[in-house]
Amino acid sequence: MATVSAPDGVEFVEEDDGRVTARHLESGVASFGDTEAEALRQLADALESHRGEGDSIDDPEAYLREQGIDVEIGEAGPPPWE
């Protein structure tokens, strides 16, 4: 993996599979894409969620099903960041 220069506060890592990971240095939040631009767009969305600025989801299980994600939320409830 090779790290390349990025906007202030963000680092890019070129992964072995060709994708690019963008990581916000202050928070540690990261996301990826096929290009640096795509990784930054995904990182922006991830940061909004991390900061509680994203859209709330009333029914997480239904939302995941709509997205085609087969996940069961266990008895312990949703993740602690919700």
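The values are calculated or read from the model by the stated rules, or taken from the named source; none is laboratory data. Everything numeric here is computed off the predicted structure, so don't read it as measured data. With ideal geometry, Cβ positions are generated from the backbone for all residues, glycine too; neighbour counts draw on all protein chains shown.
Out of everything in the range 47-66 that is among the acidic types (D, E) and modelled with pLDDT under 80, what residue ends up being nearest to S27 (Cα to Cα)?
The extreme case among them is E53.
Scan (1) modelled with pLDDT of 80 or more; (2) part of a loop (DSSP other than H, G, I, E, B); (3) within 25 Å of R19 (Cα to Cα) for the single condition I69 breaks and write down its number.
It is condition (1) that I69 fails.
Identify all residues within the range 30-51 that are crowded, with 16+ Cβ neighbours inside 10 Å and outside any helix (DSSP H, G or I); write none if there are none.
Those that are crowded, with 16+ Cβ neighbours inside 10 Å and outside any helix (DSSP H, G or I): A30, S31, F32, G33.
Kindly indicate the residue of the range 19-29 that is at negative phi and in a loop (DSSP other than H, G, I, E, B) and also surrounded by the most Cβ atoms within 10 Å (Cβ to Cβ) among those meeting that condition.
Filtering first and then ranking leaves V29.
As an exercise: evaluate D58 against (1) closer than 18 Å to G9 by Cα; (2) part of a loop (DSSP other than H, G, I, E, B); (3) not polar (S, T, N, Q) and give the number of the one condition it does not meet.
Result: D58 fails condition (1) only.
Six or more apart or on different chains, Cβ under 7 Å: which pairs go from a residue in the range 43-68 that's hydrophobic (A, V, I, L, M, F, W, C) to one that's modelled with pLDDT under 80? Could you list them?
Close Cβ pairs (under 7 Å, with a partner that is modelled with pLDDT under 80) amount to L64/V71.
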